[in-house]
Amino acid sequence: MLKERRVQAGTSDQKLDYVVIGPNGVFYIDAKHGQNYIQWNESSHSGSKNDMTAQLYRYEHVLKELFRSAELNPELTGVLCLTHPNSNMTGKSPAFTALKLDQLVSFIQSYKPKKPLLASSEVDAIERLILENSGN
C-alpha cells in the first residue's frame, strides 16, 4: 500500500490518499475522514457541485496517463472510503465503489477483476512506476 503519494504523469499530478496494488488490480482510494452522510441518488453525478467522487476522477486520470506512458493496462478500481465510525451513506455511487472503512480490506481481497490477474512481477513494476513518478 502506498500512502499520500503525489503522482505525476504528463502535465497532470494528484496527491492520492492511498493506492493498493495486488494481483486483482490497482485500487485508488479517496479517504473521507470527517463524519459524513452521503445520499446517492440520480442527481449524484460527475460534475455536480457536491460530487463526492470528483477527486476519484482526478486520481483515475493521472493513473491512466501514467500507465499508458509505460504501456501498462492494469485494472483500476476507485474507492470512496468513509473512515469515521459515525459516517453513513444510502444508495449507491453511479461510478465508484463507496464503503466504510471496516469493509475496505474484504472488498479488495474478494474483488474479481474483469482483466487477467497481475503476476507478482507486474505488481512490482506498477509499484516501482508509481514510486518513480511520485513524491510525498
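The values are calculated or read from the model by the stated rules, or taken from the named source; none is laboratory data. Note that the structure is predicted; figures quoted are calculated from it, not measured. FYI the Cβ positions are ideal-geometry reconstructions off the backbone, even for glycines, and counts take in every protein chain you see. Just the protein is used for accessible areas: all its heavy atoms, side chains included, with ligands, DNA and RNA removed. Shrake-Rupley method; radii C 1.70, N 1.55, O 1.52, S 1.80 Å.
Here are some notes:
- Filtered by the rule that a residue be in contact (Cβ under 8 Å) with a residue 60 or more places away in the chain and open to solvent by less than 80 Å² (accessible area, probe 1.4 Å), the range 89-118 gives A98, L104, I108, Y111, P113, K115, L118.
- Here the range 123-136 is the region considered, the condition is being within 19 Å of E60 (Cα to Cα) and open to solvent by 50 Å² or more (accessible area, probe 1.4 Å), and the residue that is modelled with the lowest pLDDT is N136.
- Count of residues meeting criterion [in contact with a Ser or Thr (Cβ under 9 Å, 6 or more places away or on another chain) and at positive phi] in the range 61-108: 1
- Enumeration of residues in the range 80-111 that are of a type in the set (V, I, T) and either in contact with a Pro (Cβ under 8 Å, 6 or more places away or on another chain) or modelled with pLDDT under 95 (or both): T83, T90, T97
- Test: L80 is open to solvent by less than 20 Å² (accessible area, probe 1.4 Å), of a type in the set (A, V, I, L, M), out of contact with any His (no Cβ under 6 Å at 6 or more places or on another chain) and over 26 Å from N133 (Cα atoms): no
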